[in-house]
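Take a look at the structure set out below.
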Amino acid sequence: MHNKAQRLQQAKSPQAASIPELADRLPPGQIWTERFPILHEGEVPRYDMAEWNLRLFGEIEQELSLSFEDLMAMPQTEITCDIHCVTRWSKADTVWKGVLLRDLFAQLKIKPEARYVMVHADQDYETNVPLADLLGEQVMVAHAYDGQPLSPKHGGPLRLVVPHLYFWKSAKWVRGFEFMASDRQGFWERNGFHNVAEPFQEQRFSEPESEMPEDEWKNFDFD
Ligand SMILES: Nc1nc2c(c(=O)[nH]1)N[C@H]1C(S)=C(S)[C@@H](COP(=O)(O)O)O[C@H]1N2
Ligand SMILES: [Mo]
């Protein structure tokens, strides 16, 4: 198991912050914070936006490459949601603006065998999510947070927001969606974290008997 996964699993659960009116919105083992922690592997990428694109590929009839302008020309939606990080912080009522994936994917002819999506992001980050989850009513690619353009450290120019799953599924610096017939594990999913990741089910870690090769985490130089 990746040592970050191991440390978290052994960490003592913090006391739930006492915000009684939000109690039923706090998943087990989480604590509310007003802060917005920054967590990622690698450096914050810098882009030439003339070169930047978002690729939609895999099990679809025709691949698509969108510029940032293409995305801004699509129907824009604002959502307010709670976010939950596997490191136990949760943040209530975060406000995001962008394009719902159900609107984005409506432009595609997705093949019937496509049931999973690999989300590709910089820097070499990937995470897998079932297609049905990405069509959820609040799932979007966001370019603005709290009324401001999304800052590079929080994933700007574009990040995925999947509020109903632990936040590692919400890839920052998202660059592609790969439609797949069968599931494949992303970065953290290969490294000891749960494949599904539902906070209210407390799906933090994969089973000890998971098929992850015991040695795999040693290939990665992350803390
Ligand atoms: N590209 C990329 N996206 C990523 C990550 C990453 O390492 N690289 N980390 C994930 C994790 S583990 C978390 S908790 C959130 C953190 O988002 P934040 O820094 O905006 O709080 O980003 C997720 N998206
Ligand atoms: Mo995380």
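The values are calculated or read from the model by the stated rules, or taken from the named source; none is laboratory data. Everything numeric here is computed off the predicted structure, so don't read it as measured data. Heads up, the Cβs are rebuilt from the backbone with ideal geometry, glycines too, and the neighbour counts pull from every protein chain shown.
Taking the criterion of being under 29 Å from TRP32 (Cα atoms), charged (D, E, K, R) and away from ligand 2 (no atom under 16 Å from the Cβ), the residues of segment 103-142 that qualify are ASP122, ASP133, GLU137. Restricting attention to segment 173-198, report how many residues are within 12 Å of ligand 1 (Cβ to nearest atom) and part of a helix (DSSP H, G or I). The qualifying residues number 3. Applying the criterion of being within 16 Å of ligand 2 (Cβ to nearest atom) and in a loop (DSSP other than H, G, I, E, B) to the residues of segment 150-164, the residue that is surrounded by the fewest Cβ atoms within 10 Å (Cβ to Cβ) is HIS164.
Pairing each residue of segment 146-175 that is in contact (Cβ under 8 Å) with a residue 60 or more places away in the chain with any residue that is within 16 Å of ligand 2 (Cβ to nearest atom) and hydroxyl-bearing (Ser, Thr, Tyr), provided the two are 6+ apart or on different chains, yields C-beta distances under 6 Å for VAL161/SER170.
Contact annotation: residue pairs with Cβ atoms under 9 Å, 6 or more positions apart or on different chains, pairing a residue in segment 115-127 that is part of a loop (DSSP other than H, G, I, E, B) with a partner that is of a type in the set (Asp, Glu), are ARG115/GLU59; ARG115/ASP183; GLN123/GLU41; GLN123/GLU43; ASP124/GLU41. Residues that are in a loop (DSSP other than H, G, I, E, B) and of a type in the set (Ser, Thr, Tyr) were ranked within segment 65-89; the one that is surrounded by the fewest Cβ atoms within 10 Å (Cβ to Cβ) is SER67.
Close contacts from segment 182-205, counting a first residue that is under 21 Å from GLN123 (Cβ atoms) and a second that is among the acidic types (Asp, Glu) and surrounded by fewer than 22 Cβ atoms within 10 Å (Cβ to Cβ), with Cβ to Cβ under 8 Å and a gap of 6+ residues or different chains, come to GLY186/GLU126; PHE187/GLU41; PHE187/ASP124; PHE187/GLU126; ARG190/GLU216; ASN191/GLU216. For segment 1-38, filtering for residues that are under 16 Å from TYR125 (Cβ atoms) and either at pLDDT 95 or above or exposed (fewer than 12 other Cβ atoms within 10 Å of the Cβ) (or both) leaves 1.
Among the residues making up segment 180-201, none is at pLDDT below 95 and exposed (fewer than 12 other Cβ atoms within 10 Å of the Cβ).
For ARG204, the conditions (1) closer than 17 Å to ASN53 by Cβ; (2) modelled with pLDDT under 95 all hold with the exception of (1).
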